[in-house]
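Chemist: The structure is given below, and queries will be raised subsequently.
Just so it is clear, none of the values below were taken in a lab; they were calculated from the coordinates. Just so it is clear, the structure is predicted and the values come from calculations on it, not from any experiment. FYI the Cβ positions are ideal-geometry reconstructions off the backbone, even for glycines, and counts take in every protein chain you see.
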Amino acid sequence: MCETTHTEDDRDIEQVVMEYGSSIVKYCYNLLWDYHEAQDAAQDVFLTAVQRLSDLRDGSSLSTWLYRVAHNTCMDILRRKKRAKLVMLRESAKNGINVYDDCYDIGISRELQAALNTLSLRDRALVYSRAVDEMEYSQLEEIYGVKAATLRKRYERARKKLEAELEKGGFDNV
């Protein structure tokens, strides 16, 4: 009988996944709008983290670095999805098929989801990080590689655009 033993590194990895797993899945979900893809992306994030832990700079926050890896992972997935969807739409149009893109139930109204979808992916990620995860601009600066002052301006513009979209749809209580 073969017994499995856990090394100190295994326990450290398990601790990181337990501590940040849920937050990373939620972050990925906000970008991907698909729970199963978000789970897969989060697994990729932690695999990357294990493989590239040496990339974590001294003085950098593990949390911030994980969010940066999550952001890059989701952007890669979305680029691949976009290419695949274009191919599918071309094929469907060529064959006379009407493709209906039904939204997965994510616990928010279709109106809010539609308003969020008017934002660019980078702005939607920023709004989520700031409003839902309540991250500080210093953390966001490290995640996105953009100065905090620029992120403040981008966040305010995105928030105003989101509010305008919701008001346009008749939702004044934003």
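Chemist: Tell me, what ³J(HN,Hα) does each residue in the range 114-123 have, in order and in whole Hz, if you take phi through Karplus 6.51 cos²θ - 1.76 cosθ + 1.60 with θ = phi - 60° and put x for Gly and Pro?
Modeler: 4, 5, 4, 6, 6, 7, 5, 4, 5, 6
Chemist: Enumerate the calculated ³J(HN,Hα) couplings along the range 61-70 in order (Karplus 6.51 cos²θ - 1.76 cosθ + 1.60, θ = phi - 60°), each rounded to whole Hz, writing x wherever the residue is Gly or Pro.
Modeler: 7, 4, 4, 4, 5, 4, 5, 5, 4, 4
Chemist: What's the ranking of 146-159, 112-125, 19-32 by average number of surrounding C-beta atoms within 10 Å, highest first? Provide the component values of the computation, followed by the final result.
Modeler: On the way: 146-159: 14.9, 112-125: 16.8, 19-32: 19.6.
Result, highest mean first: 19-32, 112-125, 146-159.
Chemist: Can you work out the Karplus-derived ³J(HN,Hα) for every residue in the range 49-56? Use 6.51 cos²θ - 1.76 cosθ + 1.60 with θ = phi - 60°, whole Hz, and x for glycine or proline.
Modeler: Values per residue, Gly and Pro as x: 4, 5, 6, 10, 4, 5, 6, 5 Hz.
Chemist: Which far-off residues, 5 or more places away or on another chain, put their amide H under 5 Å from the one on TRP33, with H placed in the peptide plane?
Modeler: none
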